[in-house]
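Encoded as structure tokens, the structure appears first; notes follow it.
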Ligand SMILES: Nc1ncnc2c1ncn2[C@@H]1O[C@H](COP(=O)(O)OP(=O)(O)O)[C@@H](O)[C@H]1O
Ligand SMILES: [Mg+2]
């Protein structure tokens, strides 16, 4: 774990977030992503160097529009960089075909979206089973029930998403990600739409996953939440401007307040 | 203007959908305009044709077999008090004859020789020369429908009864022959009567009656009182000692039939076009509604931002307006196309010199009005629903559109078998049953129209086949010989037919017109009963029901006749029939008959009695019709030829020609169906494809989510296909069911108006079901395959990012 953290600020030099990490799960080298919007070229990511290992609970913070979602999408092989290489779970995805990237997503990563993206026609149990089915795991039903129990929703198996509260829906989404059994968990503002208590619950589940060996990346613009992570990566204008333990040291989830 | 630009962007981004829906409406309005125009076209074409050839207003015909000196009739007409009212007048010599067409496919048929004046300054009943030239002296013009039916060339030589040959210089038709009845009063006359139009002198020469005439045709001044002139002519003829009848233009079969059917037929086409337009409108409504519903969230945001609702409504409403406008313009084009197809058909069926088929803006406007209103209303409904609610609810429209109705919430407890990928299609359908149902109804409407049209074709075709099977069953080459009057069964004429070299054997019988009295209505039926020796005749009717013809007091009816008379097997029917009292005299009598069975011929007129009933008619041992079976090395034509000249033979017709003629008569109807069916098939495919496309658009986010979890595109596609199939199965079931009901309803209305003489049963052929399944299920299920590129190119991050 690197000591201290660099000062963040506009125009700050970018930080090489590979230092001190082996990059066994995630390995980004000089990743740049540009979007062409009409005549304007938008640089969403600008020379990202990042290593993340297993059993890591990493928070990615930064203001809106700084590139957090884009970064997560690169790691999740939903998107490919304009330049640079992305290696996830030992597979290089930056130059891979759509089909190979789909296979990578299927067996290496799982997503938790800010807007949940649950299947509205499926029940909670079926949504979670989908995760296991997608990853081609046997006995998906049992896995799904276990995952739902893990997020405290053993009672709501047969409810449709619209019958659940926002927090419950997000927990279903987490259970769905867990049911895939994939080693990398990518959560984009998973607590963004939730109240404090629900947010805490969700963080707890995510932390447990990291403790059990998964690589968990959580995007948040809430610095308080970032405090419970092992490692906080700060983005600004598409660059990593700081990387290290939370400011003021890692906090316990129970101590959080926001 | 900002809103317009925005909406232009909308249009560009979904022009495929807008144009496709517009096309759906366009086909609907086009077919409606095309089918709805035929009545006007027919009336205008008839008017123009009759007037162009100066169809007579009055006709004076001398009694059959009587003639008078040339100019006698002209003088008589000039002598009437209202002679000023006469515009033009022409004398003619009209005689029955026979024609042998000669050549390899030579046929011998009854003929009519019309001696008349060609190239007159003021013609009456002029001949329209379709092919070739006006006849010189000693030449003729052959009636064109006959020539077409018999496949004769545009010019040629034929032989008439006296054995003399005459060259025909062209093919043509006089207005009174636009339609004519056959020798036996059947509607299947084309090809059974050869009319030769010849110069008067030539006619007189051919029939060896120089200087005589027997017919006078007149046209009147526009302000003339026709009834008065008719009466004066009649009395003038009587005064001149001539036995003559004076008939009017409307008495002519051609005028009666060509105008009579128009309204009946139009009612029929109206029902069909209403079905097609209705299906298109329903489907367009459904599709536009779904497109606009997708914009509800934006409406909510607008409302939250305080934009006036009226202003917000404009944009989605414009989608409807665009569909309406494009649909109307395209409908005009398709209307012209479909109209042209129908106009061509009409021209090929109606042997008129002049066809008037102007585009019917009035009919088109009716359909276009609906075409304009439907998409606008379809966009207004969801807009109204969105603007009615609180902004916050509209923003959460993701939940709204995704919301299951309370009704289906309980289905969460139902565990579905298989993997979640297999459950998803059914769950998606159940989640929004209303929408799935509406989509199924939209596609189903198109299938209804398709099954409606094809089912009519099927029902007609099967009826025709039934009739043909029944007619042809003993020997399709048998020839029905009608005798001129009643002859003893052992008379020389009957023996002569039996002894003809090409005839193997004969069955002689009786064919009589009778009237069956309806049980509890005034709708008595005229029937043609045939008295058959059921034990010995080679041809006897097939029994669809019952089987016994027990003695003289039983009758076998067509199903349609029994139904129309309110009878069932075992009932007794009163029959009014002629009874011969002496050689020349008949009286009418009523006797009761037991309905012992129903025969298999769908044509209502035919009824059968046992030959034992002959004495009820005073005709024991008499015959007037002979079935002649050709010898093994002879054809029907040989039989006809060998008996044609026989004294006592009125006419002969191979039974195969009867079915062939029915076939032709029905073709008229059927080809309209074929054009309509093609349009409807296009309509159904468009609707299927659009409905699926919109479903795929609506499910984009879910498809992106599946792909985010690494599912290959083909698995996602399989989910879409399965969901489409579910809706397609429902749509097909709705369509086939409703289509069959439509056909049933049409047939019921046909049964009383357009085709009362034929009992047409509902029949939807397996091929029609197959086409319905192809359109409703296969097309719906394969439509997503065309969207595979779209799925593959889907921008996953952007689709997933979209906040609902
Ligand atoms: N598909 C895209 N097209 C154009 N610009 C994009 C696209 N996706 C993201 N961006 C831009 O990239 C930048 C980073 O976006 P994002 O990663 O969503 O930021 P964050 O998640 O930190 O809010 C933003 O300026 C955004 O406007
Ligand atoms: Mg983001």
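Principal-axis analysis of the Cα atoms of chain B puts helix B:253-293 at an angle of about 10° to the longest axis.
Residue separation times 0.36 nm, minus the C-alpha to C-alpha distance between residue B:484 and residue B:359: what's the value?
Contour length minus Cα-Cα distance gives 40.0 nm.
The distance from the alpha carbon centre of the stretch A:237-252 to that of the stretch B:138-159 is 103 Å, rounded to a whole number. For the pair residue B:461 and residue B:250, the difference between a 0.36 nm per residue extended length and the Cα-Cα distance amounts to 72.6 nm.
Quarter the surface of the alpha carbon convex hull of chain B and you get the mean projected area, 44.6 square nanometres. For the stretch B:276-328 versus the stretch B:442-511, the spacing of their alpha-carbon centroids is 58 Å.
Under Stokes-Einstein, with the Kirkwood radius over Cα pairs as Rh, the value for the protein assembly as shown at 20 °C and 1.002 mPa s is 60 µm²/s.
Measuring r between the beta carbons of residue B:535 and residue B:259 and using R0 = 60 Å, the FRET efficiency lands at 0.80.
When the helices of chain B are scored as -39500 (n - 2.57) per DSSP H run of n ≥ 4 and the total is divided over every residue, the value at 222 nm lands at -17000 deg cm²/dmol.
Expressed as a rounded percentage, what relative contact order does chain B have, with Cα pairs under 8 Å and six or more residues apart? That works out to 17 percent.
As a proxy for reagent exposure, B:429, B:556 were ordered by neighbouring Cβ count within 10 angstrom, fewest first; the result is B:429, B:556.
The stretch B:607-660 and the stretch A:94-112 have Cα centres spaced 85 Å apart. Between residue B:472 and residue B:66, the simple spin-label model (points 7 angstrom out along Cα→Cβ) gives 4.7 nm.
Counting only other chain Cβ atoms within 10 Å of each residue's Cβ, the peptide B:67-79 averages 0. Exposure proxy shown here: for B:592, A:16, B:177, the number of other Cβ atoms within 10 Å sets the order, fewest to most, as B:592, A:16, B:177.
Helix B:309-349 and the longest principal axis of the Cα set of chain B meet at an angle near 20°.
Footprinting exposure proxy ranking of B:794, B:55, fewest other C-beta atoms within 10 angstrom first, gives B:794, B:55.
Any read-out appearing in this document is the output of simple, stated calculations on the displayed coordinates, not a laboratory observation. What you are looking at is a predicted structure, and each value in this text was computed from that prediction instead of being measured. When we count neighbours, we look across all protein chains shown, and the Cβ atoms used for this are built from the backbone with ideal geometry, even at glycine.
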